[in-house]
1. Near the amide H of D311, under 5 Å away, which other amide H atoms are found, from residues 5 or more places off or on another chain, if H is placed in the peptide plane?
2. Which ³J(HN,Hα) values, rounded to whole Hz and listed in residue order, are derived for the range 54-66 from phi using the Karplus coefficients 6.51, -1.76 and 1.60 in 6.51 cos²θ - 1.76 cosθ + 1.60 with θ = phi - 60°, glycine and proline given as x?
3. Give me, ordered by chain and number, the residues 5 or more places off L101 or on other chains with an amide H under 5 Å from its own placed amide H.
4. Taking H placed 1.01 Å from N in the peptide plane, check which residues at least 5 places from T79 or on another chain put their amide H under 5 Å from its amide H.
5. Could you work out the equivalent-ellipsoid semi-axes for the range 74-165, taking the square root of 5 times each eigenvalue of the Cα gyration tensor, largest first, in whole Å?
6. On a 24 Å Cα-Cα criterion, which of the cross-link pairs K77/K105; K105/K128; K100/K128 come out too long?
7. From the backbone phi of the range 187-194, what are the Karplus-calculated ³J(HN,Hα) couplings (6.51 cos²θ - 1.76 cosθ + 1.60, θ = phi - 60°) in whole Hz, Gly and Pro given as x?
Amino acid sequence: MGITRKWVFPILRLVVFAVIAVALVRLAFFAGTSADDDAAVPTGSITDPEVTVEVGSIVNDVTLQGTVVADAPVGVKATGQGAVDEVFVQQGATVAQGDKLFDIKVETPQDPIETTDPTGAVTVTQPKPVISYAKVFAPIAGTLTSLTVLHGQAVSVGDAAGQVSPPTFSVTGSLSPEQQYRLLDKPTEAQVTITGGPAPFACTGLTIASTGVAEPADPSSGDTTSSSGTSVRCAVPGDVLVFPGLAAALTIPAGKAENVLVVPTTAVDGGAQTGVVYAVTADGGSEPRDVTLGMSDGDLVEVTGGVAEGDTILQFSPSAQAPAEDGCVQGGDGSIICGTVK
């Protein structure tokens, strides 16, 4: 019994530990390997995403961020040449359109009068000038925010004399070139939502205008460069309470097309009137195809000619793709596309 405890059991424990160690080494370094695994053979391929030309509907609502601004004041100008005779209102007063603000004493010289007495002597007399009063009226209703004339001040026709600020407001925003293409039909109103303000309302009298700004290019030389943009502006209804500086979202409805052929905008080279898509060929390649375009909502574009329902085209135009990491490509919308693994 003593020999068993001293020699047999320790030897058996060593054998068990050795078997366990060998098994762990095999699992760690040799599990799942075979002769067939030595060859590194690729098992996948990358293909361009494809879409089918389908019938759908497009709601062309252009949404942009804007700001509430007070409408610009209208200038008051002198209507005669002479001296200010009487000022009827004071700066800061509320006026209606056509209210008399001040008048100007206009003296019109008369031609000399010649008279001959019985002796034949000629006498020349200068008659007094004709006195008249040129009245200056408020051009619009609002607040007389500025009045710069004083009693007795000499003025000439067209001189600036003050300003009347209307109690009205507008919403303005900027349009990108792509959004301008979607507004070729010149809508006349927009739906406006004021951040933290009243319920959404219709903003009428919508206008779209180009703006130009001169910016210094080189301060030392005095050279300037010009930058241009396009702004949109519409009038806030008089019964809607707003304040200058409020943020607003403008939604401009520019039409709707139902039951028309549509494709993703990423599939088209060009975005207005004409474009090119890439049709998938029978051998798995692609070929360019000219198409005519209609309405767009920014994600989908209507195709009015060049393809038929059911045609298969590339989802991303090859000319709009740029190389990306790991063999992927960047789609026209900026997303990274790595194809489909077969």
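1. Placed amide hydrogens put V53 under 5 Å from D311.
2. Couplings: 10, 8, x, 10, 10, 10, 8, 9, 8, 10, 8, 8, x Hz.
3. V136, F137, A138
4. G158
5. Whole-Å semi-axes of the equivalent ellipsoid: 40, 10, 9.
6. Where the Cα-Cα span goes over 24 Å, the pairs concerned are K100/K128.
7. x, 10, 8, 9, 9, 10, 10, 8
Here, each number is a calculation from the coordinates, and none is a lab measurement. Bear in mind that the values here come from a model prediction, so they are computed numbers and not experimental data.
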